[in-house]
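Note sheet for the following structure.
The values are calculated or read from the model by the stated rules, or taken from the named source; none is laboratory data. Please read all numbers here as calculations on a predicted model, not as lab measurements. Neighbour counts are summed over all protein chains in view; Cβ atoms, including those assigned to glycine, are modelled from backbone coordinates with ideal geometry. Surface areas here come from the heavy atoms of the whole protein model, side chains and all, with no ligands, DNA or RNA. Shrake-Rupley method; radii C 1.70, N 1.55, O 1.52, S 1.80 Å.
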Amino acid sequence: MAKIKKGDLVQVITGATQERGGDRGKQGKVLEILAEKNRIIVEGVNYVTKHTRVGQTQRGTKTGGLETVEASIHISNVALVDPSTKKPTKVGHRVEEQTKDGVKRTVRVRYAKKSGKDL
């Protein structure tokens with residue numbers, strides 16, 4: 001089971017500090033997970049300039065040029081943020097039984113290890 005999922009709030013824990021133009025310490029929402037490469041795309045982190053070919057739409061407007069987009073970052077360089085303390089935390093899993101519509105199910109639940117609250 002994955003520790004980080006799409007939509008989670010994460011914080012960058014490695015790299016250059018913000019004073020030196022880096023992203024360490026920034027928090028953002030996970031936009032996409034690239035599981036085969038062990039990388040994720042985080043909102044507002046690791047901006048790069050992308051050159052796209054200039055084209056034309058059917059209405060005649062120009063498209064392309066220089067765009068700034070979020071690039072991927074390795075999953076080991078981010079930590080999940082505890083919702084109660086807003087600080088990075090480790091993640092654990094516990095097995096719980098839930099009853100829904102009279103049917104018992106065994107479910108794995110993610111929780112923040114320091115606070116013990118569900119994520």
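A few comments on the model shown:
- Considering only alpha-carbon pairs that sit under 8 angstrom and 6 or more positions apart, the relative contact order computed for the chain is 19 percent.
- When all protein chains stay in place and ligands, DNA and RNA are ignored, the 1.4 Å accessible-area order of ASP101, ASP82, ASP8, ASP118, largest first, is ASP101, ASP118, ASP8, ASP82.
- Classification of the stretch 1-57 by its C-alpha gyration tensor yields an oblate form. The axis ratio a/c (a ≥ b ≥ c) is 1.5 or more, and b/c is at least a/b.
- Counted residue by residue at 0.36 nm each, then reduced by the alpha carbon distance between them, the extension gain from GLU67 to ALA35 reaches 9.0 nm.
- Inter-label distance for ARG94 and ASP118, nm, one decimal - labels placed 7 Å from Cα along Cα-to-Cβ: 1.1
- For the chain, the fraction of 1.4 Å probe accessible surface lying on carbon and sulfur atoms is 47 percent.
- Overall, the ratio between the Cα radius of gyration of the chain and 2.2 N^0.38 Å, rounded to two decimals, is 1.42.
- Within the chain, percent of DSSP bridges classed antiparallel, to nearest 5: 95
- Accessible surface, the stretch 35-119, averaged per residue in Å² (probe 1.4 Å): 75
- Span from the the stretch 41-82 Cα centroid across to the the stretch 1-34 one, whole angstrom: 15
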